């Protein structure tokens with residue numbers, strides 16, 4: 001059956017929710033520089049995870065929130081940002097709308113680390129005010145060990161893991177010819193730099209550079225989606241102990 005909410009009629013949603021389906025997946029990302037990968041990387045990856053797991057989780061997929069809180073990479077051409085307070089309010093309105101339409105389990109699939117703080121506030125406010133169970137999942141953190149096992153090293157922003165994931169979605173979203181090692185910058189906890197002097201951000205010295213291996217990319221993304229799906233399934237099953 002069709003899992004994308006915006007492709008359904010309102011009468012179909014009325015017949016499905018909440019008696020047959022009470023879970024919704026909400027992909028959230030941003031538009032910002034990602035080395036030699038597409039500006040929409042942070043949107044494409046959570047969308048792909050949602051599509052891969054919706055049937056298994058008996059969930060619908062909400063339209064993606066494509067704009068997020070971009071800070072250190074904002075000055076790179078094509079990058080957009082939303083002020084954190086505005087993002088929290090806007091996301092909160094979306095979450096409340098989903099709750100109003102009787103979704104009992106709301107799962108945010110977040111593709112962008114800059115959203116985390118503002119997102120956490122919106123998620124906690126919803127939990128406190130509404131009888132809805134909600135989780136915000138930051139996929140790259142959740143699958144960190146899978147990334148290390150698969151590639152033999154850690155990932156990074158627009159690095160090994162993100163570039164591989166978006167390359168698996170569509171190889172045309174990555175332009176290997178544009179890549180230069182000078183795009184990479186090793187992040188340090190001792191400085192806040194705006195704009196950060198690299199659009200590929202590494203978190204461990206010597207690790208995380210994209211390798212553009214299509215075979216590795218094609219086998220990585222299914223592992224990521226499976227692990228995220230496993231986690232969502234486990235928390236929904238444990239929520240059931242509360243009768244929800």
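The values are calculated or read from the model by the stated rules, or taken from the named source; none is laboratory data. These numbers come from a predicted model, not from an experiment. Because the Cβ atoms are built from the backbone with ideal geometry, glycine has one as well, and the counts that use them run over all protein chains shown.
Can you tell me which residues in the range 30-73 are farther than 15 Å from residue 163 by Cα, touching a helix residue (DSSP H, G or I) at 6+ places or on another chain (Cβ under 6 Å) and assigned to a loop (DSSP other than H, G, I, E, B)? Correct list: 30, 62, 63, 64, 66, 68, 69, 70, 71. Residue 91 meets all of the listed conditions (1) loosely packed, with under 14 Cβ neighbours inside 10 Å; (2) farther than 24 Å from residue 210 by Cβ but one, namely (1).
Whether any residue in the range 183-190 is part of a helix (DSSP H, G or I) and farther than 30 Å from residue 54 by Cβ is what I want to check. If you could, list the steps in order and put the result at the bottom.
Start the filter on the range 183-190 by keeping residues that are part of a helix (DSSP H, G or I), which leaves 183.
Within this subset, residues satisfying the condition of being farther than 30 Å from residue 54 by Cβ are 183.
Yes: one or more hits.
Screening the candidates 3, 51 for the property of being closer than 20 Å to residue 143 by Cβ, at pLDDT 95 or above and surrounded by fewer than 22 Cβ atoms within 10 Å (Cβ to Cβ) yields one hit, 51. Across the range 206-226, the qualifying residues are those that are under 16 Å from the mean Cα position of the chain (by Cα) and buried (at least 16 other Cβ atoms within 10 Å of the Cβ), and the one among them that is farthest from residue 134 (Cα to Cα) is 220. The residues in the range 213-244 that are assigned to a loop (DSSP other than H, G, I, E, B), within 30 Å of residue 23 (Cα to Cα) and at pLDDT 95 or above can be counted, and the count is 0.
Condition test on residue 210, is it under 11 Å from residue 37 (Cβ atoms) and part of a loop (DSSP other than H, G, I, E, B)?
Numbers: under 11 Å from residue 37 (Cβ atoms): yes; part of a loop (DSSP other than H, G, I, E, B): yes.
Taking the combined requirement at face value, the residue satisfies it.
Is one or more of the residues making up the range 100-113 assigned to a helix (DSSP H, G or I), crowded, with 22+ Cβ neighbours inside 10 Å and in contact (Cβ under 8 Å) with a residue 60 or more places away in the chain? Explain how you work it out, then say what you get.
Going residue by residue through the range 100-113, those that are assigned to a helix (DSSP H, G or I) are 100, 113.
This time we only want the ones that are crowded, with 22+ Cβ neighbours inside 10 Å, so: none.
No, the range 100-113 contains no residue that is assigned to a helix (DSSP H, G or I), crowded, with 22+ Cβ neighbours inside 10 Å and in contact (Cβ under 8 Å) with a residue 60 or more places away in the chain.
Would you check which residues across the range 128-146 are modelled with pLDDT of 95 or more and under 27 Å from residue 12 (Cα atoms) and list them? 133, 134, 135, 136, listed by residue number.
How many residues does the range 15-44 contain that are touching a strand residue (DSSP E or B) at 6+ places or on another chain (Cβ under 7 Å) and farther than 25 Å from residue 209 by Cα? So the count comes out to 7. Among the residues making up the range 147-167, those that are on the phi < 0 side of the Ramachandran plot, crowded, with 24+ Cβ neighbours inside 10 Å and assigned to a loop (DSSP other than H, G, I, E, B) are 155, 159. Against the list (1) farther than 24 Å from residue 156 by Cα; (2) over 16 Å from the mean Cα position of the chain (by Cα); (3) assigned to a loop (DSSP other than H, G, I, E, B), the condition residue 82 fails is (1).
If you filter the range 191-207 down to residues that are in contact with a strand residue (DSSP E or B) (Cβ under 8 Å, 6 or more places away or on another chain) and part of a loop (DSSP other than H, G, I, E, B), you find that the one that is farthest from residue 33 (Cα to Cα) is 205. Checked against (1) in a helix (DSSP H, G or I); (2) within 14 Å of the chain's Cα centre (by Cα); (3) over 22 Å from residue 217 (Cβ atoms), residue 13 meets all criteria but (2).
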